[in-house]
Amino acid sequence: MTAIDQRSRTRLSTGHEVALPLALSFAMGGVVVPARRSRLEVVLPDGLSSFAIAPGVGCVALVGIQYHRVGRGDATGLEPYDEFAVIIPAVHGSPTNVPVAQLAGGEIGGYVHWLPVTTDPAVALGREIWGYPKERADITVTDGPEGIRTVVSGGEYGNHETVRLQVARPRTRARTRDWTLTSYTTKDGALVRTPVQIRGEVTIGIGPSIGTSLEIAPKLARDLGLWRRPLGRLSGSRVRARLLEGEWITE
């Protein structure tokens with residue numbers, strides 16, 4: 001093993017060892033819904049502003065993820081698990097509320113507000129390396145013939161069913177996409193920016209579709225000012241990603 005290999009490895013509190021960049025493969029199905037910006041600004045950390053899609057309106061992505069592989073497949077990795085992500089599209093470095101000006105004046109990414117998962121090692125992985133707000137919850141993500149279905153119960157939002165999300169399988173062929181996204185978290189009081197490189201067959205649709213449905217617990221909807229009618233949706237059964245080391249933002 002080379003010295004570089006040694007430096008890229010991290011041992012978690014659970015005893016598991018992972019190597020960065022972290023290689024992932026998964027299926028996912030999610031929607032983007034509008035939300036009140038006044039509510040989103042309350043939960044965002046200093047340095048981020050919610051992305052405006054209209055005056056006073058931002059948006060939130062709700063995504064169910066079924067991991068097939070977490071790590072390199074050798075000694076550096078975790079058993080697969082299910083996950084549900086609540087992500088607020090946000091801008092770093094742009095205080096304006098005007099959507100077009102935000103695009104020109106800041107870097108757009110996604111602030112991870114809530115990230116329940118199904119295993120303890122997955123909690124340790126996210127919290128200890130990147131500061132992702134992971135916690136244990138009952139989650140079932142099913143990639144079936146009708147689409148990708150996610151059911152979440154427990155965690156921060158109570159013991160009862162919190163989310164029921166069905167994203168219909170698209171009728172059109174998925175397009176292979178290759179892009180890099182930015183996720184934001186907070187760790188030890190600092191804002192962390194993490195690049196996520198994604199490649200795979202992903203379908204993106206605008207507006208609601210037949211067979212796509214969303215039910216949200218009242219507390220989650222209130223906290224973020226969520227509407228329940230999707231603006232858009234995305235899904236993919238064969239997606240790969242590389243999660244890179246986070247960068248601490250000190251300004």
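Points to keep in mind about this one:
- Taking the criterion of being touching a Lys or Arg at 6+ places or on another chain (Cβ under 7 Å) and surrounded by 16 or more Cβ atoms within 10 Å (Cβ to Cβ), the residues of the stretch 166-181 that qualify are Gln166, Val167.
- Residues in the stretch 201-250 that are assigned to a loop (DSSP other than H, G, I, E, B) and out of contact with any helix residue (DSSP H, G or I) (no Cβ under 9 Å at 6 or more places or on another chain): Gly207, Pro208, Ser209, Ile210, Gly211, Thr212, Arg229, Pro230, Leu231, Leu244, Thr250.
- Within the stretch 44-78, the set of residues being β-branched (Val, Ile, Thr) and touching a helix residue (DSSP H, G or I) at 6+ places or on another chain (Cβ under 7 Å) comprises Ile53, Val57, Val60.
- Any chance Thr203 is touching a residue at least 24 places away in the same chain (Cβ under 8 Å) and loosely packed, with under 14 Cβ neighbours inside 10 Å: no
- Single unsatisfied condition, Ala35 versus (1) touching a residue at least 24 places away in the same chain (Cβ under 8 Å); (2) not in a strand (DSSP E or B): (2)
- Qualifying residues in the stretch 59-100 (those that are part of a loop (DSSP other than H, G, I, E, B) and at positive phi) - the one modelled with the lowest pLDDT: Gly73
- Among the residues making up the stretch 22-48, a single one is of a type in the set (Ser, Thr, Tyr) and either farther than 25 Å from Gly77 by Cα or more than 15 Å from the chain's Cα centre (by Cα) (or both): Ser38.
- Listed conditions (1) basic (Lys, Arg); (2) surrounded by fewer than 17 Cβ atoms within 10 Å (Cβ to Cβ); (3) closer than 30 Å to Leu20 by Cβ are all met by Arg228, apart from (3).
- In this structure, Leu40 does not qualify as at pLDDT 95 or above and assigned to a strand (DSSP E or B).
- Yes/no for Asp223 being charged (D, E, K, R) and under 30 Å from Val18 (Cβ atoms): no
- Being open to solvent by 10 Å² or more (accessible area, probe 1.4 Å), more than 16 Å from Ile87 (Cα to Cα), among the small types (Gly, Ala, Ser) and at pLDDT 95 or above holds for only one residue in Ala54, Ala23, and it is Ala23.
The values are calculated or read from the model by the stated rules, or taken from the named source; none is laboratory data. Keep in mind it's a predicted model, so treat the numbers as computed, not measured. Every residue, glycine as well, gets a Cβ built from its backbone with ideal geometry; the counts of neighbours run over all protein chains shown. Areas reflect the complete protein model, heavy atoms only, side chains present, ligands, DNA and RNA absent. Shrake-Rupley method; radii C 1.70, N 1.55, O 1.52, S 1.80 Å.
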